[in-house]
Each structure stands twice: as structure tokens, then as C-alpha cells.
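Peer 1: Below: one structure in C-alpha cells.
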Amino acid sequence: MDAGVAVRSGALVVRVQDVGAEWEVRHVSDSVGALLGLPAAEVVGRQGVWEARIHDQDRGRALRAAQSALEGETSSVEYRIQHADGTWRWVLDHMSPPDEPLAHPTTLTCVSLDITERRTREDALRRQVEALQRSNRDLEQFAHIASHDLSEPLRMVSSYTQIIADRYGERLDEAGLELLAFAVEGAHRMQAMVKGLLDYSRLGQGERVLQAVDTLAVAQAARAALRLSLEEAGAELEIGELPTVPGTESQLFTLFQNLVANAVKFRREGVAPRIRTCATREDEHWRFEVEDNGIGIPPEAYERVFQIFQRLHGREQYAGTGLGLALCRRIVERHGGRIGIAPAEEHGTRFWFTLPADAPAAPAGESV
């Protein structure tokens, strides 16, 4: 046994315990004594020295793992143990059962690893994640409250500017009419942005219960909702065989509607839109595609277009709030999938997204 191993974070510590009926440590390597900040001589032959230094919250779990090893089952356990200087060290024990379980005297072989630094990093990362989650929740709540509270005054501004245009438009000169038109258009645009922001923030509110969703029916419903814009553009929407997946029907409807509407909006001048949807199974997910023959998206903008309020074109070219694709990403990620863009086979854009084929493991009816 190598008794000269220095104890440091990540150092391998080997101890051999000859545990009698009274749980007395009969032999221990010097390296384990160093873990406690004590010489091995102060550990050997003294009943309960090791156990007494285990953190109160961890002691029961550590001793249960040792008991399992004594009964013939290889076990592992992480726990805190106190160094002589008062600090706490994290230890990972791998315990091998004796040749004759519960025989007396019993030899229990344990390989320990000082994992203090690893646990410190994990704890720091967990705190950062928790802080980020709290921040995200606060931002979602702020966005929800702000957009909700802005809706009413914006509605009033929009309504009254429209009334002014209707009632007093004839009294205004050309410059006045132009300024009023700017005010009406700006109010309408702000209303659309606030509504989009409210829809975006609502996706993070409350719990989500997964149900079996027929995505073929959802895509057909999206086509029906967009019938007028499809007809006006002379667009052809081909819907392939689509599967049933666990999800939220209203959100998946919004996803398909936004992607198809996006394909209709960003069409090439003089070219009738041709849109195709399909799905293929890939391991534990379904991969969906919505492909069009429109103006396309440059590769350097593939990530940017999914960011909130990001636009590649001016409003004079294409109307919109810059929230549609951000909403699509939020929906897909909330369902446990991913979304991205690839070039179409000829000209245009191919949006792809994945959705889990099966619901995550959870009791029936539980929300996720």
C-alpha cells in the first residue's frame, strides 16, 4: 500500500480498514491520515475517529454505504469530512466488500478520492445557474408586466390618432396628413411589438402539460389560418406526413404558422412561393423541415434571425416586429428540441427543428 501519497484535491487516497464488531479502525494508510490532518497513529485503534469527523448531514449516508459493502455490495458515496484545521473536505469513497461479508474480523477496502475542488466548482456553477434562472424569471416577469401595462395606453393612442385622421383629416394640409400618418403607423407598429413581446413572455409563465399532438392536423390548421395570405401570394403549401409528438398544441400551431407566414412574406418578386413541410425520425427525436423558395438568408445571419427584435430588412421592405423567429425558438426549446437554418436545395431557406418523439420520463399527468 502506498502510504506516501500526498493529499491534495484530486489525489488518490487509499485506506484499508479492518473493521471489528465495534467499528474500530485497525489499520489505515498514512495518506488517509493526511486527509484528516492527523497522523495515521492517531486514527488507528481509536474507535469512531473517522466517523466522528464526517459532517452530520452526511454521516448516515456514508455509514449506510459502508454497511452495504460489508454485506457484499460494492458501493460509492460522497461526503464531507473535517480536517484538523477546521475546514471541510469532500471525499468520494469506492468501497469493495470483504471476501467473507460480515465475518469477524472484517477487512473493508476503500479507495478514496479527494474531490473538494471539483465539488467547489460544481457548487459555484450551480449557484451561477440558479442566479441566471432567477434573473431570467425576473426578466420574463418584467417583460410580461411591462407589455401588458403598455397595451391599454397604446390602444388609446392608436384609437385616438385614427379618430383624428378620420374626423379632421380634411382640415390638414399635406404635411399635416403625412405627420398624422406617421403617428398612426407608429402606434400600430408599437401595438404589434407589445403584443409580440407579451406572447413571447407568456411562454415562460406557468407550467406546461404535455399532450399527444397530431402535428399534421396542426400544420393543416395553420394553413387554414393563413388561407387568405397564401391565396393572395399565389403560394403553394405542401404538407407531408407528420407525426404525433408530446407537446402543447397551441404553441406548435404558433410555430408552424410563423414559419409558413415567414416563407410567404419573404418571397422573391415575381416568383410564386412554394413551401414544403416534412418530418423524419432521428433516434429519439423527429426532425421537421419547412422549406421555401424565397429570398433566402445569408449563412452569417443564421443565428441572428432567432434573436429578439432582430431584422435583416427595413420595415419599408417587409413589415413585422422581429419577434416571430425568436418566438419559434422559444417554443422549440421549451419542448426540448432545437431549431436552425440550412440552405434550400435550389433557392430559398430550409428551417429545421427537432421535437422529442416521446415525453420525458415523468408520472402521467405531471407537468414538465
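The values are calculated or read from the model by the stated rules, or taken from the named source; none is laboratory data. Keep in mind it's a predicted model, so treat the numbers as computed, not measured. We place every Cβ from the backbone using ideal geometry, glycine too, and count neighbours over all the protein chains shown. These area figures cover heavy atoms from the full protein model, side chains too; ligands, DNA and RNA do not enter into them. Shrake-Rupley method; radii C 1.70, N 1.55, O 1.52, S 1.80 Å.
Peer 1: Report the residue count in the stretch 248-277 for those that are in contact with a Lys or Arg (Cβ under 9 Å, 6 or more places away or on another chain) and under 19 Å from Ala357 (Cα atoms).
Peer 2: Qualifying residue count for the region: 3.
Peer 1: In the stretch 263-280, how many are in a helix (DSSP H, G or I), open to solvent by less than 30 Å² (accessible area, probe 1.4 Å) and not β-branched (Val, Ile, Thr)?
Peer 2: 1
Peer 1: Sticking with this one: I'd like to know if the stretch 295-304 contains one or more residues that are loosely packed, with under 13 Cβ neighbours inside 10 Å and under 20 Å from the mean Cα position of the chain (by Cα).
Peer 2: Within the stretch 295-304, one or more residues are loosely packed, with under 13 Cβ neighbours inside 10 Å and under 20 Å from the mean Cα position of the chain (by Cα).
Peer 1: While we're on this one: Given the conditions (1) at pLDDT below 90; (2) within 30 Å of Glu152 (Cα to Cα), and given that Glu269 satisfies all but one, which numbered condition is not satisfied?
Peer 2: Going through the list (1) at pLDDT below 90; (2) within 30 Å of Glu152 (Cα to Cα), Glu269 breaks only (2).
Peer 1: Conditions first: (1) surrounded by fewer than 16 Cβ atoms within 10 Å (Cβ to Cβ); (2) modelled with pLDDT under 85; (3) part of a helix (DSSP H, G or I). Gln128 passes all but one, so which condition is the exception?
Peer 2: Of everything listed in (1) surrounded by fewer than 16 Cβ atoms within 10 Å (Cβ to Cβ); (2) modelled with pLDDT under 85; (3) part of a helix (DSSP H, G or I), Gln128 misses just condition (2).
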